[in-house]
């Protein structure tokens, strides 16, 4: 029997990192003796090479990792700017780590491709510093993206606003990926507690990723927050929390980006002009929801930051709106309905998807590489996507 000389301590690290129990791993390999993985981890026995391959696949690590002399250190390739209590950098979930690596691979390919096409740096990336006023930065973002009163009026509601918002962002040259899973694997779900979004700041191929598992209302704010990152030239992983007042944040970059996001979505001067002290908080919030096409949670947060309401009023109304939202909607377990193409274009960016498929059918990218970039199990699926995009 061909034994695999795996390193016991690395095998234990990989299993614990994945959150899989010894019994669960025994079933996945599979082996009849549920205690056999313990013997592998203690060096009392070794798996076969085929078993080692199954172990690596089950634990979501490269096979070569199991033969290292010591466990590798999980390092984030993007600055960690999360402000909510979350999983520490030394306890990254395999899903989060794999997602970041996957997204960076897409961004790297796209960057090289568009540079060959003659793409030039985007002038607004890193245009401002932290010494700029949030109003100035938000105003510039709104001007470049066309996010103003006319745009808001064109949106049916705040969900439609999010959809149109993303379209405008991509038209400006920024990729927007929005997913609740790794690749196209529904079994590998992302955690909102771990992160809400991240941004790769690049002058040629900037990219924003939004955790699609989050509520739509929160996704709007996350997108605006990540755009602020791009305008000040700062990559980062974020967990912007609508329930946490801006004044309570301790990280300067995150505080500034939250201020910009809030101003972009609900301009302070307009809110102050519309707010009617003779009306109840609920009436004011509903008026502003219709005015700005954002959720009541965003409006409440902005009203508090602008001192239209006090802390106790904010908390009471915020919690009330959250409960109403929970009653109206189901948990975000599915994305983009059941439409394969809508889901694909959302998860991998409409711009990026079209570019990858187009490159493949122009003979500039191998089909298998294109399928890999889009996390497709079958190469033949590319033909279906090409027809949907009108490329065939």
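With respect to the chain, whose longest principal axis is taken over its alpha-carbon atoms, helix 134-145 is tilted by about 80°. Between residue 320 and residue 278, the modelled labels are 2.1 nm apart [label points 7 Å from Cα along Cα→Cβ]. Between 73, 321, 102, the Gaussian network model of the chain with springs among Cα atoms under 10 angstrom shows the greatest mean-square fluctuation at 73.
Of 353, 343, 381, the residue with the greatest mean-square motion in the GNM of the chain, using alpha carbon springs below 10 Å, is 381.
Shape annotation for the chain: C-alpha extents along the principal axes are 81, 52, 40 Å, from largest to smallest. Panel note: the C-alpha atoms of region 144-260, placed on their principal axes, show extents of 38, 35, 32 Å (largest first).
Within region 267-330, the proportion of Cα pairs with more than 14 Å between them is 54 percent. Mean sequence separation of contacting Cα pairs (under 8 Å, at least six apart), scaled by the length of the chain, corresponds to a relative contact order of 15 percent. By the compact-protein rule of thumb, 2.2 N^0.38 Å, the alpha-carbon radius of gyration of region 340-388 corresponds to a ratio of 0.98. A protection proxy built from the mean count of other Cβ atoms within 10 Å ranks the segments 313-320, 287-294, 115-122, most packed first, as 287-294, 313-320, 115-122.
The distance linking region 166-218 with region 21-83 is 28 Å (Cα centroid to Cα centroid, whole angstrom).
One way to sum up the overall shape of region 8-66 is the equivalent ellipsoid from its Cα gyration tensor, whose semi-axes run 14, 12, 12 Å, largest first.
Cβ-Cβ distance of residue 185 and residue 105, R₀ of 22 Å, FRET efficiency by 1/(1 + (r/R0)^6): the value works out to about 0.90. Just so you know, the Cα atoms of region 65-191 work out to an Rg and Dmax of 18.8, 61 Å.
The ranking of 227, 66, 389 from fewest to most other beta carbons within 10 Å of each one's beta carbon is 389, 66, 227. Remark: C-alpha extents of region 1-124 on the principal axes read 61, 37, 25 Å, sorted largest to smallest.
On C-alpha positions alone, give me the angle between the axis of helix 281-292 and the longest principal axis of the chain, in degrees, nearest 10. Orientation of helix 281-292: about 80 degrees from the principal axis. Computed from Cα positions, the angle between helix 94-116 and the longest principal axis of the chain comes to roughly 70 degrees.
Rule-based calculations on the coordinates, nothing more; no lab input. Values in this document were obtained by computation on a predicted structure and should not be read as measured data. Cβ atoms come from the backbone with ideal geometry, glycine included; neighbour counts cover every protein chain shown.
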